[in-house]
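Asks: Pasting a structure below so you can have a look.
The values are calculated or read from the model by the stated rules, or taken from the named source; none is laboratory data. Given the structure is predicted, the values throughout are model-derived calculations rather than measurements. Here the Cβ positions follow ideal geometry from the backbone for every residue, glycine too, while neighbour counts run over all protein chains shown. Remember, those area values only see protein heavy atoms, side chains included, never the ligands or the DNA or RNA. Shrake-Rupley method; radii C 1.70, N 1.55, O 1.52, S 1.80 Å.
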Amino acid sequence: MHSDHSDGTEPPAEVMRAAYEAGVRTAALTDHDTITGWAAAARAARGRGMTFIPGAEISTRHGGGSVHVLAYLFDPEAARLAALMRRVREDRVVRAERFVARLARDLPITWDAVLEQRTGDATVGRPHIADALIAQGIVASREEAFARLLSPSGKYYVGHYAPSPREVVEAIVAAGGVAIIAHPAGRGMLSDAAVTHLIDAGLAGFELAHRENSAEGVAHLRRFVAKHDLIVTGASDYHGEGKPNRPGENTTSTEMVERILARATGTEVIRG
């Protein structure tokens, strides 16, 4: 689940409230490349008797495509992983400014208008640009913004720095965390060789229950799960009003949650 500390639309406490009201009793906050929402989410979860699993979704790049790696229960002070996330966040800002400058050549959008869309010191990204485009009446939704103006195939697109998946998996493991590939059978699958390479580096499993995964892709990855006894997770990938995803639409079995908790050594789970 994501809060307004990255590309969600609700504060961490509201994210936990939404999860609770949807019947979820164990939830993870996995904001992109940041841990700043952990404390507020933990307080809100504990107050409702929920179990809270601290996490993050870390941006990586492989073969020109984006791969997101979920990190659960890692040590937030581990220097190597913290440095990787910090560099990604810093580059996002530079990238966003360049993105807006390109859009502004043809459209009535400004950097100040984009900054108005973020909460606190959340790292500015494409969702905030999309929200600014909505506010200006240029598009009707984030989906339209991403499909038309913010698409990687569009003329305004600007890439950003991201480390390799293996580099991030190794850093997560070194930080005592559990590394899971997010929606791995969705927007471009890794090759079998790349998956094997990551498993050798300490990858723990795949997020197979996700609305963006294809049935064929999931079936293919389940062969890796069986061969290597990997962890299988599910997620709503909730973003508040930023996506149609709803809390609890996909879940993780108790057995797999317990395997994550048993494998992690970086930080403690929060139990309400």
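Asks: How would you rank 229-240, 188-199, highest first, on the average number of other Cβ atoms within 10 Å across their residues?
Replies: Numbers: 229-240: 21.2, 188-199: 16.0.
With the highest mean Cβ count within 10 Å placed first, the list reads 229-240, 188-199.
Asks: Let me ask something additional. For segment 171-272, calculate the relative contact order in percent as a whole number, restricting contacts to Cα pairs under 8 Å that are 6 or more residues apart.
Replies: Details: 131 pairs, mean separation 29.0, N = 102.
Relative contact order, segment 171-272: 28 percent.
Asks: Suppose all protein chains stay in the model; what accessible area per residue would a 1.4 Å probe give for the chain, in Å²?
Replies: Numbers: 11820 Å² over 272 residues.
It amounts to 43 Å² per residue over the chain.
Asks: What percent antiparallel are the DSSP beta bridges of segment 17-88, to the nearest 5?
Replies: Values: 8 of 13 bridges.
Of all bridge pairs located within segment 17-88, approximately 60 percent are antiparallel.
Asks: Nearest 500 deg cm²/dmol is fine: what mean residue ellipticity at 222 nm does the chain get from its DSSP H runs of n ≥ 4 alone, each adding -39,500 (n - 2.57), divided by its residue count? Provide the component values of the computation, followed by the final result.
Replies: Working: 10 runs with 112 residues, N = 272.
Dividing the helical sum by the residues of the chain leaves -12500 deg cm²/dmol.
Asks: On to the next question. Express the carbon and sulfur contribution to the solvent-accessible surface of the chain as a percent, rounded to the nearest whole number, probe 1.4 angstrom. Don't jump to the answer; show the numbers that get you there.
Replies: Details: 5760 of 11820 Å².
Summing carbon and sulfur atoms, their accessible area is 49 percent of the total for the chain.
Asks: Rank by packing, highest mean first: peptides 64-72, 122-130, 138-146, with packing defined as the count of other Cβ atoms within 10 Å averaged across residues. Walk me through the intermediate numbers first.
Replies: Details: 64-72: 20.3, 122-130: 23.3, 138-146: 16.8.
Descending mean neighbour count gives 122-130, 64-72, 138-146.
Asks: So for each of 34-41, 256-263 I average, over its residues, the number of other beta carbons within 10 Å; can you give me the resulting order with the highest mean first?
Replies: Values: 34-41: 20.8, 256-263: 16.4.
Listed from highest to lowest mean packing, they are 34-41, 256-263.
Asks: Over all directions, what mean area does the Cα convex hull of the chain project, stated in square nanometres? Don't jump to the answer; show the numbers that get you there.
Replies: Working: hull surface 52.9 nm².
Average projection, Cα convex hull of the chain: 13.2 nm².
Asks: When the dipole is taken about the Cα centre of the chain, and only Lys, Arg (+1) and Asp, Glu (-1) are charged at their Cβ, what size is it in debye, to the nearest 20? Could the numbers behind the result be given before it?
Replies: On the way: 31 positive and 34 negative charges, 50 e Å.
So the magnitude is around 240 debye.
Asks: How high is the relative contact order of the chain? Use alpha-carbon pairs under 8 Å, at least six apart in sequence, and give a whole percent.
Replies: On the way: 532 pairs, mean separation 65.3, N = 272.
Contact order relative to length: 24 percent.
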